[in-house]
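Notes follow the structure.
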Amino acid sequence: MRNPNLDRMENKYFIRQAFYHIISNFILIIMVYFIGKEFFPKLSEIIFTSYCWTIYFLIVLYLGYRRYRELKDFSNHFDFIYSEEQSYAKMEQLAIWAETLTEIQKTKLDLLKYFSPIPLLIFILGVYVNNNSSINNNINMFSIELQCGDVLMYLGIGVPIFYYSFLYSTFQSYRKSARKMMDYKGQSVILKDKGLN
């Protein structure tokens, strides 16, 4: 039976970490807003409307909640592993499950690296730098006139950000699965030594 005071202290810590995560994401969005307003004023009119701010706010709250859940799940993971009613067979079964998840995440990482958009972006930015006359054609997007070259430049900046964020989240999932696999295997070795089959 766990100490209720320890649970409360742990919960406060998780909430504080989630709050810091939310604040840091808001600061990042505000920095992007001011940089975008300064260097890309036309694009800022599109992506920083009041409707988009509401979406960003909800996304940041969701990310904070997800951070809280991750910390809580990690704590529950250790409580589960080191509880006294665990057996060697159960730990081995969980280790195999975690190993399968680790392999899936590793395959996802390999595919993401293989299908990297960076070579295509280098080509797009090369076209933008050459500044052909066809690049200077105007495009009507969301009732705002943009030059084709500007749209290519925005894609050249936006696509890598999304790509690297997806790559990072996949790597974090891979790391978490690998950590769980190691924990399960380690505990199964201890239980086998104790003879708790």
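Each reported figure results from applying straightforward, stated rules to the coordinates on display, with no laboratory input. All figures in this text were calculated on a predicted structure; none of them were measured in a lab. With ideal geometry, Cβ positions are generated from the backbone for all residues, glycine too; neighbour counts draw on all protein chains shown.
Karplus-based coupling profile of the range 97-107, in residue order and whole Hz: 4, 5, 5, 4, 4, 4, 5, 4, 5, 5, 4, with θ = phi - 60° in 6.51 cos²θ - 1.76 cosθ + 1.60 and x standing for Gly or Pro.
Placing +1 on each Lys and Arg Cβ and -1 on each Asp and Glu Cβ, with no other charges, gives the range 1-83 a dipole about its Cα centre of roughly 120 debye.
Taking a cut-off of 29 Å between Cα atoms, list the lysines near Lys180, but don't count ones fewer than 8 places away on the same chain. The qualifying lysines are Lys12, Lys72, Lys90, Lys106, Lys108, Lys113, Lys192, Lys194.
Using a cutoff of 8 angstrom between alpha carbon atoms and counting only pairs six or more residues apart, the relative contact order for the range 1-83 works out to 48 percent.
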